[in-house]
Amino acid sequence: MAALLNPMSRRLATAACRRISTPSAAAPLVSRRISYERYSSSLVDVSGGFSEMLDATQRYYVLGGKGGVGKTSMAASLAVKFASHGERTLIVSTDTTRSLCASFEQDWDMRDRKVVRVNGFDSLFATEIGHVKIVSESFINSLLGKMGLANANSHVSLHQFLNISPPGVEEVYALSELINSIELQETDKFRRIVLDAPSTGHTLKLLSANDWIEKLLFLAIKGVNAASSNPAFKLSPEKAQVISSEFEEPRQKIARVRELLFDPRATEFIIVTIPTMMAVGESSRFHSSLNKDGVHTRRLIVNQVQPPSASDCRFCAAKRREQARAFSAIREDSELGGLKLLQAPLLDVEVKGVHALRFLSDSVWK
């Protein structure tokens, strides 16, 4: 009863009731059944398998997909579901627009990758790393300096470095620092870590940047060791050992990120899409790229699924036909057809705030 007194709860309850349409008195029951089959027979209604996720060994869940499909809402709803079952959960956003704060309708101080508790939960925490900027200062400048490139013309070297470095370098470095701090804490500090990944292309670049940085640091270590044996560099073996050790520490952290992301026992990638042919096509390409990289993906969430209704307006009928084609394409797609399918309903209220996210988490993660 107390929950129904909340305005958002009342609106969500009303939205749920609207999806359970009753036929008019003049309409025979058989026509309603035919209409329902006409619009929903091609859809796949599958349990979210959340009990299976609770029993699984995976600790990290990465949600990615095309921009604008609702990744942040889906990631937040999964984190809320875990926390509601007493699992200490951390949700991490790589978005520079602070969409995670907006999703929970809370204003958090995220400076220095600070972890904060989400109001309304005892077991849910959040942090954002998308706003972290490291390229212009300590990380790159220190790296160039130790490689002997930071001199009077260091700005030229820095410019050249930034031109060849792939997108995602900052996020990888920040993510490696975050995961390292998590791994150093007690094993039960955070049982689940949910990562709201950037859009499809940027997620793939983040994965490639991880490999790029690790190889760069490895080459830097080899270069320093080689320079120590060349008198022209005037680098003593002792100093070379110190520099190599300083390179080795971030290399190991970044290698650990790659190890975790590509380990199916530790991490599961979940693709989020919407029921349109364009979104399904991009999701298929995304899954193909993840497969080639050896990333473990088991689930596909189709967001904004139009619920069954007795209404037969032309717009609704056209949208349901488009939706049916999208689900048919998913079933027949060689990349997506084998994934476990989950559905998130299209709601007539914006999913924002704790009450709305609880409602969404119960609708999706069953």
Practice task
Amide H neighbours of His296 under 5 Å, at least 5 residues apart or on other chains, H built in the peptide plane: list them.
Solution key: Phe269
Practice task
Provide the per-residue ³J(HN,Hα) series for region 333-341, in order, calculated from phi with Karplus coefficients 6.51, -1.76, 1.60 and θ = phi - 60°, each as a whole number of Hz, with x at glycine and proline positions.
Solution key: 6, 5, 8, 9, x, x, 7, 6, 9
Fill in the blank from the handout: Phi-derived 3J(HN,Hα) across region 293-305 with the Karplus relation (6.51, -1.76, 1.60, θ = phi - 60°), rounded Hz, x for Gly and Pro, is 7, x, 8, 7, 10, 10, 10, 10, 9, 9, 8, 6, 7
Problem - For Asp95, residues with placed amide H under 5 Å, excluding near neighbours - result: Ile129, Gly130
Problem - Accessible area of region 310-364 divided out per residue, in Å², using a probe of 1.4 angstrom - result: 50
Exercise for the section: Tell me which residues come under 5 Å, amide H to amide H, from Lys366 once H is placed; ignore anything under 5 positions away on its chain. Expected result: Gly48, Gly49, Phe50
Problem - Rounded to whole Hz, the Karplus (6.51, -1.76, 1.60) HN-Hα couplings of region 319-331, x for glycine and proline - result: 5, 5, 5, 4, 5, 4, 5, 5, 5, 5, 5, 5, 4
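The values are calculated or read from the model by the stated rules, or taken from the named source; none is laboratory data. Keep in mind the model is a prediction, meaning the values are calculated, not measured. Heavy atoms of the whole protein, side chains included, go into the accessibility calculation; ligands, DNA and RNA do not. Shrake-Rupley method; radii C 1.70, N 1.55, O 1.52, S 1.80 Å.
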